[in-house]
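K.L.:
This is the structure, below, for whatever I ask next.
The values are calculated or read from the model by the stated rules, or taken from the named source; none is laboratory data. What you see is a predicted model, and the numbers here were worked out from it, not measured in a lab. No Cβ is skipped: glycine too gets one built from the backbone with ideal geometry, and neighbour counts run over all protein chains shown. Surface accessibility is based on the protein's heavy atoms, side chains included, excluding ligands, DNA and RNA. Shrake-Rupley method; radii C 1.70, N 1.55, O 1.52, S 1.80 Å.
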Amino acid sequence: MPHDLSPSALKLLRAIADHDTGHGVAFHREPCARWRLAGTFYTVNNRTFGPLVDLGLVDVGNGQTDPVTLTAAGRDDLASRAR
């Protein structure tokens, strides 16, 4: 059963899944506590990562320079939404 996520958190989870080829995806710091997905115009508020990290759906590493990776739990959550 999928977790109850806000629309912005679900969009972020899907964006990470779409761009993670197994090595994670880079996010670059933007003004006003926002992060931009490398190679895109997609930006997200810093606090949107919180629920995904708390539920173990993504791993942000050190939270600054490490790539963000989708976890097995994140893949399972998205797969359960596709049914």
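K.L.:
Once you keep just the Cα pairs under 8 angstrom separated by 6 or more residues, what percentage relative contact order results for the chain?
P.N.:
34 percent.
K.L.:
Which shape class, rounded, prolate or oblate, goes with region 37-83 when its Cα gyration tensor gives a ≥ b ≥ c as root eigenvalues, a/c under 1.5 marks rounded, and past that a/b bigger than b/c marks prolate?
P.N.:
Cα axes put region 37-83 in the prolate bin.
K.L.:
Could I ask something else about it? Distances over 19 Å make up what percent of all Cα-Cα pairs in the chain?
P.N.:
When all Cα pairs of the chain are counted, 29 percent exceed 19 Å.
K.L.:
Please calculate how many Å² of accessible area region 1-68 carries per residue, with a 1.4 Å probe and no DNA, RNA or ligand atoms counted.
P.N.:
63 Å²
K.L.:
Still on this model: In the Gaussian network model of the chain, springs joining C-alpha atoms below 10 Å, which of THR48, THR71, THR40 carries the largest mean-square fluctuation?
P.N.:
Checking each option, the largest mean-square fluctuation is seen for THR40.
K.L.:
With a 10 Å radius around each residue's Cβ, average the other Cβ atoms per peptide and rank 28-37, 10-19, highest first.
P.N.:
My ranking of the peptides, most packed first, is 10-19, 28-37.
K.L.:
Also, quick follow-up: Percent of accessible area on the chain owned by carbon and sulfur, 1.4 Å probe?
P.N.:
The C+S portion of the solvent-accessible surface of the chain is 54 percent.
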